[in-house]
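Each reported figure results from applying straightforward, stated rules to the coordinates on display, with no laboratory input. What you see is a predicted model, and the numbers here were worked out from it, not measured in a lab. Please note: Cβ atoms are built from the backbone with ideal geometry, for glycine as well, and neighbour counts cover all protein chains shown.
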Amino acid sequence: MIAAPESCPCCGSTRLSKLGEDVTETLELIPRQWKVIQMVRESSRAASAR
């Protein structure tokens, strides 16, 4: 999992609320088996931005 930012890059607020997340999955072929690698990146916004 990739760490979410701790402050808003636009206004600098540290009061963030979660908006959702983007998930990326990659399949790797390993002889006779499959492995799923999942990357999750949280998206957030300043709590005062409504």
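Explain nothing, just the number: relative contact order of the chain, from Cα pairs under 8 Å at least 6 residues apart, as a whole percent.
45 percent
Stretch Gln33-Ala3 to full length: gain in nm at 0.36 nm per residue minus the Cα-Cα span?
Length gained, Gln33 through Ala3: 7.9 nm.
How much of the DSSP bridge set in the chain is antiparallel, in percent, rounded to the nearest 5?
Beta bridges within the chain, antiparallel portion: roughly 95 percent.
Could you work out how far the C-alpha centroid of the stretch 25-50 sits from that of the stretch 1-16, in angstrom?
What the calculation gives is 19 Å, centre to centre.
Taking H placed 1.01 Å from N in the peptide plane, check which residues at least 5 places from Ser13 or on another chain put their amide H under 5 Å from its amide H.
Counting only residues 5 or more places away or on other chains, the set is Cys8.
Putting +1 on Lys and Arg Cβ atoms and -1 on Asp and Glu Cβ atoms, find which of Ser43, Thr26, Leu16 reaches farthest to the positive end of the dipole of the chain.
Going by the Cα projections, it comes out as Leu16.
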